[in-house]
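Novice: Before I ask anything, here is the structure I am working with.
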Amino acid sequence: MKKTNVTVLAMPAFKNEHSNPYNYLLYRSVEDANVEVKEFSFSNAIKLDYDLIHIHWPEFFLNSNYVLKALVYSSFMLLCLVWAKLFGKKIVWTVHNLKPHSVIYPKISKMYWAIFLRLVDGVVSLSKANELELIKKFPATANLQKVVTYHGLYHEYYVNNVKPSEARAVLNIPNGKKVFLVLGQVKPYKNVEELIDIFKQKSYENCILLIAGKAYNQQYYKTIVDRIDGRSNILFHEGFVQDANLQAYFSVADYSVIPFNAIFNSGSALLSVSFKTPVLLPYSKNFEEYNALIGNQFTMFSNNLSEAMEKLAFTKLVETHAQDTEVSRKISWMHIGQKTAEFYETLVLGKQ
């Protein structure tokens, strides 16, 4: 295996493992490619004992509910990047989203992104399609060094040995009901309310919509409960789903649903596939690309969630969880880690 001579300061690296193991799996594989990985902090950034800073969600500090905290911490972030650049360090951005899901402080956000984009040296996209979308939205990125590394699966990370019948017993789901799962934090932008309205139709009485995840806040929790309006075929398991319980939810589900109006990336979609649960999600060239890598586990719809749901709800149910599909080595963590390490080397050492 080709070795590198690079130290990376990653934001985040390992500390978000239990909320999203993507970074943990990425940087364990990057370490296997002989790159030293350190967790980003303001104090670590000032020390300059690294070659580059790799940022995954630049808007992290802008998501604070307190305007002063958002302004101060995002300013510190930019100052750290400027400090690093003054000493020849490189800045890498993995483009998980082209824009934040929600913008709390529009003026601060606009200024922040204008400065941040000028500091970036290299860009990682999670598909070729997304790289093209990035250049379309931010033409200046066309001149940056770029690489595509796909988002890996989680099947080797999570335990998955519970049978669907066992999962139905644990979650108290009746037999003979087709189950559609929405799993993850329940937020307004995710369009869960439209999906609830679909399941309130009389024709969905023999199907179950299972919503599992922590509500965005107490007010939105009440909005969802009021929207459900006591329907017996719509279940809301409010609260963070622990890692050990993920297998039960995905095992009981016939389909996982991501009801967004539009989508760029989704770790949740690949989490579903990792548990061999087919996914319904909005059409995008990105997921068309992933379908070719994971054996067509995504069913995509264009602008009509209700019509797509109808096709899945009223077609004959087949056993989905027993299927084994061929997965491309391009989304193996070993390949992703090696390719990421080589990209670091290109940026830091100027090698092609």
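Novice: Roughly to the nearest percent, how much of the accessible area of the stretch 102-216 is carbon and sulfur, given a 1.4 Å probe?
Specialist: Carbon plus sulfur share of accessible area: 54 percent.
Novice: Straight-line reach from residue 177: which aspartates and glutamates fall under 12 Å, measuring Cα to Cα and dropping same-chain residues less than 8 apart?
Specialist: Result set, ordered by chain and number: 205, 254.
Novice: Over the chain, what relative contact order in percent results from Cα pairs under 8 Å that are six or more residues apart? Please list the in-between numbers first.
Specialist: Numbers: 586 pairs, mean separation 64.3, N = 352.
After rounding, I find 18 percent.
Novice: On to the next question. Please state the relative contact order of the stretch 20-146 as a whole percent: Cα pairs under 8 Å, 6+ residues apart?
Specialist: Relative CO of the stretch 20-146 lands at 23 percent.
Novice: Counting Lys +1, Arg +1, Asp -1, Glu -1, what net charge surrounds residue 22 among other residues with beta carbon under 13 Å of its beta carbon?
Specialist: +1
Novice: So between residue 20 and residue 221, what do we pick up on full extension, going 0.36 nm a residue minus the alpha carbon distance?
Specialist: 70.1 nm
Novice: Then there is this: Could you compute how much accessible surface residue 111 exposes when probed at 1.4 Å, giving the result in Å² to the nearest 10?
Specialist: Roughly 120 Å² of residue 111 is accessible to a 1.4 Å probe.
Novice: Separate question: Rolling a 1.4 angstrom probe over the protein chains, ignoring ligands and nucleic acids, what is the accessible area of residue 53 in square angstrom, nearest 10?
Specialist: Roll a 1.4 Å probe over it and residue 53 shows about 0 Å².
Novice: So how far, in whole Å, is the C-alpha centre of the stretch 44-86 from the one of the stretch 146-212?
Specialist: Here the answer is 35 Å between Cα centres.
Novice: In deg cm²/dmol and to the nearest 500, what is the mean residue ellipticity at 222 nm of the chain if only DSSP H runs of at least 4 residues count, each as -39500 (n - 2.57), divided by the residue total?
Specialist: One gets -12000 deg cm²/dmol as the mean residue ellipticity at 222 nm.
Novice: Same structure, new question: Counting other Cβ atoms within 10 Å, which chymotrypsin sites (Phe, Trp or Tyr not before Pro) in the stretch 23-99 have at most 13 and lie in a DSSP loop?
Specialist: Passing both the DSSP loop test and the Cβ count: 66, 87.
Novice: Related question: With no solvent and one equal point scatterer placed on each C-alpha of the stretch 61-120, evaluate the Debye formula and give log10 I(q)/I(0) for q = 0.23, 0.25, 0.30 Å⁻¹, two decimals.
Specialist: Once normalised to I(0) and log-transformed, intensities are -1.02, -1.14, -1.34.
Novice: Here is a further query. Based on the alpha-carbon gyration tensor of the stretch 1-146 and its eigenvalue square roots a ≥ b ≥ c, which shape applies: rounded if a/c is under 1.5, prolate if not and a/b is larger than b/c, or oblate?
Specialist: rounded
Novice: What shape does the chain take by its C-alpha gyration tensor, where a ≥ b ≥ c are the square roots of the eigenvalues and a/c under 1.5 counts as rounded, a/b above b/c as prolate, and the rest as oblate? Provide the component values of the computation, followed by the final result.
Specialist: Working: a/c = 2.07, a/b = 1.62, b/c = 1.28.
Verdict is prolate for the chain.
Novice: Here's a follow-up. Do any trypsin sites (Lys or Arg not before Pro) in the stretch 1-81 lie in a loop, going by DSSP, with at most 10 other beta-carbon atoms within 10 Å of their beta carbon, and if so which?
Specialist: Here the trypsin sites (Lys or Arg not before Pro) that fit, given the DSSP loop and packing criteria, are 2, 3.
Novice: Relative contact order for the stretch 208-352 using alpha-carbon pairs under 8 Å, separation at least 6, rounded to a whole percent?
Specialist: Relative contact order for the stretch 208-352 comes out at 17 percent.
Novice: For the stretch 181-256, run through the chymotrypsin sites (Phe, Trp or Tyr not before Pro) and keep only the ones in DSSP coil with at most 14 other Cβ atoms within 10 Å of their Cβ.
Specialist: Hits after loop and neighbour filter: 240.
Novice: Here is a further query. Under a 1.4 Å probe, what is the accessible area of the chain per residue, stated in Å²?
Specialist: 49
Novice: Students sometimes get this wrong: rank 300, 77 by accessible area, probe 1.4 Å, all chains present, largest first.
Specialist: The ranking, largest first, comes out as 300, 77.
The values are calculated or read from the model by the stated rules, or taken from the named source; none is laboratory data. Owing to the predicted nature of the structure, the values given are computational and were not obtained by experimental measurement. Using ideal geometry, Cβ is built from the backbone for each residue, glycine included, and neighbour counts are taken over all protein chains shown. Just the protein is used for accessible areas: all its heavy atoms, side chains included, with ligands, DNA and RNA removed. Shrake-Rupley method; radii C 1.70, N 1.55, O 1.52, S 1.80 Å.
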